[in-house]
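Following: one structure in C-alpha cells, then a few remarks.
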Amino acid sequence: MITAVTMLLPTALYSTFPVSQIDASVLTFSRGTSFVLFLLYAGYLYFHMGSHQHLFLSENEQDDVLDTNESPEFSKPQTTGPDQSNNFAPSMRLAAAMVATIYCTELIFEGIDEMVETFKFSRMFVAVILIPIASNSTEGTSVIASARSGDTDSAIRVIVDSLLQIGLFVIPLLVIIGWCIEEPMTLYFDAFQSGAMFLAVLVVNHLLRDGQYAYIHGAMLISL
C-alpha cells in the first residue's frame, strides 16, 4: 500500500499542476522517496529474517522448529561452524545465471519491436503481460507447487515477497541509477497504470485479510 501511494502522488501532482511547473519537483520527490523506500525495504528484511522471523513461518515449519528444539540430539551445543568449503561452486553458478539473465533480457528488449510488428501486439500488452509472466516464471512455479501441496501460506508469502522486492527495491533502484547516470527517472506512471495498481493492491489486501482462501478467490482474481 505504501508503494502504491508513493506512485500515486506524482500522478496526482501531474494532474493538478502544469507539467512545466512540476517536473523538477516530481524528480526531487522521486529521488527522496526512493531513499525512503530503500530504508523501508531494509527494515522489512531485518523484520522478516531477523527480529520477527517466527511470524513468517508456516504451520509445518513451526512444527519442525518445535520438534528440532525438543529433540535431545539438537540440545547439545554445536562446536563446529557451517562448512564454507563448498560455497565457491554455488557462487559461480549464481554469477553465471545472473550474466545469462542479463543477456537474455537484453535480447528480449531488442526484439520487442519485431514482436509487436509480427504478432500485432501492443507495447502495453508486452510490457504489462508477457514480460512479467516470463520474468516471474520461477516464482510462479514455486507458487503453483506450494498451492498444489496445500501450503497456501507459503504460496502467498512468495507472491508478497516478490511484489515488495519490485516495489520497495527495484523501482527505487532504477530511479537512483538514473540519477547517477544523469537520466531523469521518476516514480511517475500514467493515470491508468497507477489506478490499476492501486485497485489491485486494494483487492489483494481485502482477499488476504481473513487468511482463508478458496477456489472462488482465485476465480475472482483471474476475472479481474
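Things to note:
So that you can scan it fast, the table gives a plain yes or no per residue for (1) of a type in the set (A, V, I, L, M, F, W, C); (2) in a loop (DSSP other than H, G, I, E, B); (3) within 17 Å of the chain's Cα centre (by Cα):
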| position | (1), (2), (3) |
| --- | --- |
| 89 | yes, no, no |
| 96 | yes, no, no |
| 100 | yes, no, no |
| 108 | yes, no, no |
| 128 | yes, no, yes |
| 131 | yes, no, yes |
| 157 | no, no, yes |
| 170 | yes, no, yes |
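- Qualifying residues in region 185-206 (those that are surrounded by fewer than 16 Cβ atoms within 10 Å (Cβ to Cβ) and closer than 16 Å to residue 156 by Cα) - the one modelled with the highest pLDDT: 202
- Residues that are more than 19 Å from residue 176 (Cα to Cα) and either out of contact with any helix residue (DSSP H, G or I) (no Cβ under 9 Å at 6 or more places or on another chain) or among the aromatic types (Phe, Trp, Tyr) (or both) within region 20-41 comprise 20, 21, listed in sequence order.
- Subset tally (residues that are outside any helix (DSSP H, G or I) and within 29 Å of residue 12 (Cβ to Cβ)) for region 186-224: 7
The values are calculated or read from the model by the stated rules, or taken from the named source; none is laboratory data. For clarity, every value in this text was computed on a predicted model and none was experimentally measured. Neighbour counts are summed over all protein chains in view; Cβ atoms, including those assigned to glycine, are modelled from backbone coordinates with ideal geometry.
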